[in-house]
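Encoded as structure tokens, the structure appears first; notes follow it.
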Amino acid sequence: MDYKNNIESILYFTPEILLIVFAAAVIILDLFVKNRGSQKVAYLSLIGLGFTLVAILITNSTIADGPLSLFWGMIRLDKFAVFFKVLLVLATAATILFSLRSEELDERLKGEYHALLLAVTLGMFLMASSTNLLMIFISLETVSLTSYILAGFLTHSPRSSEAAFKYITYGAVASGTMLFGLSLLFGMTGTGDLAEISQRLPEVLAAGDVTGLGLLISITFILAGIGYKIASVPFHMWSPDVYEGAPIPITAFLSVASKAAGFALFLRFFYSGFQDEGILQTVDWGFLLAVVSALTMTIGNLAALPQQNVKRLLAYSSISHGGYLLMGGVLLTPEGLGAILFYLVVYLFMNLGAFYVVVLIANESGSEMIESYRGLSSRAPLVAVAMFIFLFSLTGIPPFAGFFGKWLLFTAVISKGLYWLAFIGLLNSVVSLYYYARIIKAMYFESPDEDESFSFSNSTFALLSVFVIPTIFIGILNILYNFSDKITL
């Protein structure tokens, strides 16, 4: 591993520096924009993300000879980090584009809103790159604190304020619990570096200096913090209320970007520090995660069945998809890692696409309920077709991308002999078809309360196609070139 000191690391830290610079520039520009309806701050944010993406691709070319450890081992620059940074930039850019079309947001606070989006993206970058316990906690808190504000951004809405309050309450408990687990791990090994932890833990376990119970408690407490970010059971309670109360673009952002960053941290932490056979013999955390995976997908799907609010329904759906992703996390194999990475890409397009339709329908009908989708096939045929594709892909029905994502996950699980987990995942996919089909039924088989058709601009359909096309074809492309297998930890 090539270690860089603080001065040398700055050159490779360019994407994060650009996010900081443009977040400050957005605040400054907002001070001089007199027209509150102007979208200049949004466009500046998109330009900043564009420069950040270019910087990420440039830094990727510098690690052709191997990963780099920056700031004396605090963060790591490798293909894994680059993958998640690109994914997070795309999710943030999509959120900003959604926000341009959303009628919920207060025009007086656009500068703060876009600056916070760039700031939370910075925190997520650090979550994907952190290799030190202290840096892990700092990055997690950076994401959490900015997310609390964004969740309660609708200051005129009591529901949004309630969402922020619940988010803060659950987040504070989860962060404190995780910090205690990290402190226990540091006390056991005497180091905060994940690579050194993976070397010292087997030694102290073999010597009897650390008991299996102590390590189990530490891992469980750490899982509380990471599980809170990916909304896994039993740390999912905040998700439905926060998703329902937050602005729709932020709900989409939390369901995709926050979950992706959480899984980046989860994979970095457990794959780097706890893969040793001696650790697994002492604490079989893989089986523990398999149980959490099964509970997460089951509870998420069952809770989604009676929902009438589409945002809340998609919130529970997001919980269940976290369970599917955890299936790959329990395997500790390159196949499991590749399946998770590919499914995250698929999930980005199909879930953000579904939320974009929610934004469009909420703007036109003023409602987020399933009944507002009645007769959508006649009122806005192209939007109805797009929603049909997104929902069937989320279910995992071929030939859409969601099917290929679940196929890779199930195949990886079966290859490791976890047939019971694959069977539970298959049953949950069948259950999810019911509540997704309720929306499709409303769109195609129910008459609208009003005969008025919805009118959308060409730019709306252009953005919609950005999500529809990959949802249809990305699975086939992955068969031709399995990019996720090229990424290792």
Q: Keeping the other protein chains in place, figure out the carbon and sulfur percent of the accessible area of the chain, with a 1.4 Å probe.
A: 67 percent
Q | Surrounding net charge for residue 55, when Lys and Arg each add one and Asp and Glu each subtract one, Cβ distance under 14 Å | A | 0
Q | Computed label-point distance, nm, for sites residue 11 and residue 161 using a 7 Å Cα→Cβ extension | A | 5.2 nm
Q. Calculated FRET efficiency, residue 456 and residue 54, Cβ-Cβ r, R0 35 Å, to nearest 0.05?
A. 0.65
Q: Rounded to the nearest 10 degrees, what's the angle between the helix 158-189 long axis and the longest principal axis of the chain, both from Cα atoms, 0 to 90?
A: 10 degrees
Q: Specify the angular offset, from 0 to 90 degrees and rounded to the nearest 10, of the alpha carbon long axis of helix 212-230 from the longest principal axis of the alpha carbons in the chain.
A: 20 degrees
Q | Proximal charge balance of residue 144 [Cβ under 15 Å; K/R count +1, D/E count -1] | A | +2
Q) Using modelled backbone amide H atoms (1.01 Å from N, in-plane), which distant-in-sequence or interchain residues come within less than 5 Å of residue 369's amide H? A) 310
Q.
Under the rule a/c < 1.5 gives rounded, and otherwise a/b versus b/c splits prolate from oblate, where does segment 296-489 land using the Cα gyration tensor?
A. prolate
Q) Going by alpha carbons, how many degrees (0 to 90, nearest 10) lie between the helix axis of 285-304 and the longest principal axis of the chain? A) 10 degrees
Q | Under Karplus coefficients 6.51, -1.76 and 1.60, residue-wise ³J(HN,Hα) of segment 372-388 in Hz, glycine/proline x | A | 6, 8, 4, x, 4, 5, 9, 7, 8, x, 5, 5, 5, 4, 4, 5, 4
Q: Would you please give the residues with an amide H less than 5 Å from that of residue 76, counting only those at least 5 places away or on a separate chain, with H modeled from the backbone geometry?
A: 70, 130, 131
Q | Cut-off under 5 Å, modelled amide H: who pairs with residue 454 long-range | A | 380
Q: Pick out, from 440, 70, 264, the residue whose Cα sits farthest towards the positive end of the charge dipole of the chain, with +1 on the Cβ of Lys and Arg and -1 on the Cβ of Asp and Glu.
A: 440
Q) Taking the Cα centre of segment 1-65 as origin and charging only Cβ (+1 Lys, Arg; -1 Asp, Glu), how large is the dipole, in debye to the nearest 20? A) 500 debye
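Quick check on segment 363-477: take the gyration tensor over C-alpha atoms, sort the square-rooted eigenvalues as a ≥ b ≥ c, and tell me if it's rounded (a/c under 1.5), prolate or oblate. Walk me through the numbers on the way to the answer.
Values: a/c = 3.68, a/b = 1.84, b/c = 2.00.
It is oblate, given that a/c is not under 1.5 and a/b is not larger than b/c.
Checking the table 85/259; 311/406; 79/416 against a 21 Å threshold on Cα-Cα, which pairs fail?
311/406; 79/416
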Q. Relative to the Cα centre, what is the charge dipole magnitude of segment 135-272, using +1 at the beta carbon of each Lys and Arg, -1 at the beta carbon of each Asp and Glu, and rounding to the nearest 20 debye?
A. 260 debye
Q. Mind listing the phi-derived Karplus ³J(HN,Hα) values for segment 462-469, rounded to whole Hz, using 6.51, -1.76 and 1.60 with θ = phi - 60°, and x for any glycine or proline?
A. 5, 5, 5, 5, 4, 8, 5, 4
Q | Helix-only [θ]222 nm of the chain, DSSP H runs n ≥ 4, -39500 (n - 2.57) each, per residue, nearest 500 | A | -25000 deg cm²/dmol
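The values are calculated or read from the model by the stated rules, or taken from the named source; none is laboratory data. Worth saying up front: this structure is predicted, and the values here are computed from it rather than measured. Reconstructed Cβ throughout: ideal geometry from the backbone, glycine too, with neighbour counts over all protein chains shown. The accessibility values were calculated without ligands, DNA or RNA, using every heavy atom of the protein model including side chains. Shrake-Rupley method; radii C 1.70, N 1.55, O 1.52, S 1.80 Å.
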